[in-house]
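The structure appears below as structure tokens.
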Amino acid sequence: MKNEMTLAFDSLSENEGFARVAVAAFATQLNPTLEEVADIRTAVSEAVTNAIIHGYPEGVHTVVIKAVLSGETLELWVTDEGVGMEDVARAMEPLYTSRPEMERSGMGFMFMEAFMDQVEVQSAPGMGTTVYMKKTIGKGAAGLEG
């Protein structure tokens, strides 16, 4: 089975909850555990919040999520066309934030990496950012069936 969806929405903080619920609902086709759904929701929440807060510090623009289900795997791309990042490796360091005046914790990428099997970030100054995340569903439940 392969299925995909694309979701585009305004970069308003109110839409972060909508995005995480929409992706979680889409992922339920893979019959995830409650823990897996929570992991997906948290990772999507962090990626979307980063796009809204850091990608678009001024004005309302568009955030796009593409989700693909294939076999037992969920792949996600969260994309903005905002300010981008010059140093992705530094931005992914725990506790680093480009918006300290907002009292941001700098833990977003760490949470994404903790809850997803794979996280990759592509970004360039003035060109925006794409966060790619991948999670295989059912790995945690395998030991519970026997």
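Within the stretch 127-142, restricting attention to residues that are open to solvent by less than 60 Å² (accessible area, probe 1.4 Å) and outside any strand (DSSP E or B), which residue is modelled with the highest pLDDT?
Going through the qualifying residues, I end up with Ile137.
Look at the stretch 45-68 and say how many of its residues are of a type in the set (D, E, K, R) and either more than 15 Å from the chain's Cα centre (by Cα) or in a strand (DSSP E or B) (or both).
Qualifying residue count for the region: 2.
Name the residue that is surrounded by the fewest Cβ atoms within 10 Å (Cβ to Cβ), counting only residues in the stretch 9-40 that are touching a strand residue (DSSP E or B) at 6+ places or on another chain (Cβ under 9 Å) and of a type in the set (Gly, Ala, Ser).
Ala22
Restricting to the stretch 75-97, what's the tally of residues that are crowded, with 16+ Cβ neighbours inside 10 Å, modelled with pLDDT under 75 and in a loop (DSSP other than H, G, I, E, B)?
Selection size over the stretch 75-97: 3.
For the stretch 98-118, give me each residue that is among the aliphatic types (A, V, I, L, M) and modelled with pLDDT under 65.
Matches in the stretch 98-118: Met102 only.
Within the stretch 55-74, count every residue that is open to solvent by 10 Å² or more (accessible area, probe 1.4 Å), free of Cβ contacts under 8 Å to residues at least 60 places away in the same chain and within 17 Å of Met133 (Cβ to Cβ).
Adding up the residues that qualify gives 1.
Quick check: anything in the stretch 23-43 part of a loop (DSSP other than H, G, I, E, B), within 16 Å of Leu76 (Cα to Cα) and over 15 Å from the mean Cα position of the chain (by Cα)?
Yes, the stretch 23-43 contains a residue that is part of a loop (DSSP other than H, G, I, E, B), within 16 Å of Leu76 (Cα to Cα) and over 15 Å from the mean Cα position of the chain (by Cα).
The values are calculated or read from the model by the stated rules, or taken from the named source; none is laboratory data. Note that this is a predicted model, so its numbers are computed, not measured. Virtual Cβ from ideal backbone geometry, glycine too; neighbours counted across all protein chains shown. With ligands, DNA and RNA removed, areas are computed over all heavy atoms of the protein, side chains included. Shrake-Rupley method; radii C 1.70, N 1.55, O 1.52, S 1.80 Å.
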